[in-house]
1. Quick one: ranking Glu12, Glu39, Glu414, Glu229 by accessible area, 1.4 Å probe, largest first, what do you get?
2. Magnitude of the Cβ-charge dipole of the chain, K/R +1 and D/E -1, about the Cα centre, nearest 20 debye?
3. If I compute solvent accessible area with a 1.4 Å probe over the protein chains, what percent of it on the chain is carbon and sulfur?
4. Name the residues whose placed amide hydrogens come within less than 5 Å of the amide hydrogen of Thr83, ignoring near sequence neighbours (fewer than 5 apart) on the same chain.
5. Can you give the three extents of the C-alpha atoms in the chain along their principal axes, from longest to shortest, in whole Å?
6. Mean separation of Cα pairs under 8 Å and 6+ residues apart, divided by the residue count of the chain: what relative contact order is that in percent?
7. Once Lys and Arg get +1 and Asp and Glu get -1 on their Cβ, which of Val541, Asn251, Gly277 lies farthest toward the positive end of the dipole of the chain?
8. Suppose the chain between Thr512 and Lys349 were pulled fully straight at 0.36 nm per residue; how much longer would it get relative to their current alpha carbon spacing?
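The values are calculated or read from the model by the stated rules, or taken from the named source; none is laboratory data. Note that the structure is a prediction, hence the values are computed from the model and not measured. Neighbour counts run over all protein chains shown; Cβ positions are idealised from the backbone, glycine included. Ligands, DNA and RNA are excluded from the accessible area calculation, which covers all protein heavy atoms including side chains. Shrake-Rupley method; radii C 1.70, N 1.55, O 1.52, S 1.80 Å.
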Amino acid sequence: MTAKKTYQILAEAFRQEEVDTCFALLGDANMNWATYFAELGANFIYVRHEHCAVAAAMSYARALDKVGVASVTCGPGLTQIMTALPAAVRAHIPLVVFAGESPLRNNWYNQELDQAPFVTACGAAYHALHHPDRMLRQVRDAFIQARTEMRPVVLGVPFDLQNRDWTGATELPAPSRDVLPKLRPMPPHPDDVAEAAMLIAGARKPVIMAGLGAVRSTGAGAACRALAEKCGGLLATTLPARGLFHDDPFNLSIAGGFSSQVTRACLAEADLIIAVGASLAQHNTDGGKLYGQAKVLQIDTHPVALSQGRVPADTHLRGDAALTVQALADALEQRPEGDGNWRSPDLAKRIKDTPPDSSNFQVEQGLLDPRDVASALDDALPRDWEAVNSSGHCSYFVAQMPNRPVERFHTIREFGAIGNGISFAIGVAAARPDETIVMFDGDGSLLMHIQELETIRRHGLKVLICVLNDGAYGSEIHKLRSEGLSDAGAVFGRPDLAGIAKGFGLDGKTVTDLSSLPDLARKFAASNRGAVWDFPISDRVLSPVMQRAHPPG
């Protein structure tokens, strides 16, 4: 019998980890491994740029709450992922990246690179797999580390070692699922619940603000609603958790830099913020300005003393989001309606009827207001489509869509990098292969990796890309104009994005009449391929984020 190669055994170790999807761009140091892994039954999405492999794995992992897997070759293949790695680190997304390494036997190799410092500088972990006796455990342990530390782990295996006959153990070690602790949700301490209940009972205008920890805790959303009703409080979420309370009349939606005008007004009045499964980051608190007068109670399995340079909370309650919030709701008396209860029909109507931003801008003839585009898309697109929001100036407008539940609205933007939207859409499409994906992006962001339109076509992914096209880098032009400087370096014009999409074999449409969207949505739903809708928008409309930070000159 022919001996198996090392790369084959390594692929089998990945397969034992129940990896069913991998995002990859092949090169010398990973192509044999990837090819055999695909033969074992893994679904491979072959992208056109290494960054996009890791970025797609990020959104795939976030959508399914599992470890995402990507593969790139060594040297220049690895250097291409330097933006994706810290983005995954900041977003606490578990990944395992099979990267290979340059051959050990060579005295010189033109793509040789000391990969470990490069990866660790990004905040990810790196492990060199050089000894067959340890390799299989190192693969298994990489999945354990990714899951427990919630960050990427990169594996480097010299490709000359990969191609050698396997000399290690014939049996695979126990997979990570058999090693990881089987932990039940952590209940809160009764004394802590009693103290927190007293704090809540004394508050006149509390707000329950949920983060991703609440999204991941089964039943936490319902428990937060029950607590808000019991204590007469309002509901809000962090940006990644937006949509958790989308159908509640007292939902303020996003708390943070992306808050609407009514949300900012209500948070300014709040005297207690109950943060549930939220890290209380700078953007979530708008640098501490959003609810500076309120006390903050943090509910988390790992409460923090410091968050991004701030002391974010006044008091803490350790425990699982659902169990802890339900315990608080059970401990409180029902606050009566009327005097002293913040929740009122008038406030519910104000929340429902007040636009996210009512600033007045003069939009040029033939161009669209991005606020109108986002509103029309929210009305026209089916609620069961999976929505992906990219980053950049235009992402504020799309984040305000009121009708999208959290489980169908995907946001990853902790590193603040544009250029990820199309990769995130590919990852969600792989995670939800039977669903229709709609991704919202800016022209500058899409053009960074527009080559992935070919990946969407080749893999037959049902992805609709809606481009809010201002012909520029939106954030940069507004910042430059605010400083009284020329914006020439950030203005690029409006290429025919619909025509480019057709060139890649997709459908393309330049949309100037928003009343046509319902018909366009029906036609796309009936089609069998992806599409790009190009919305020419005015660059004179500033998001409230930009208005506050960089007011027009």
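1. Of Glu12, Glu39, Glu414, Glu229, the descending order of accessible area is Glu39, Glu229, Glu414, Glu12.
2. So the dipole magnitude of the chain works out to roughly 240 debye.
3. 51
4. none
5. 83, 63, 46
6. Result for the chain is 12 percent.
7. Working it through, the farthest residue towards the positive pole turns out to be Gly277.
8. Contour length minus Cα-Cα distance gives 55.5 nm.
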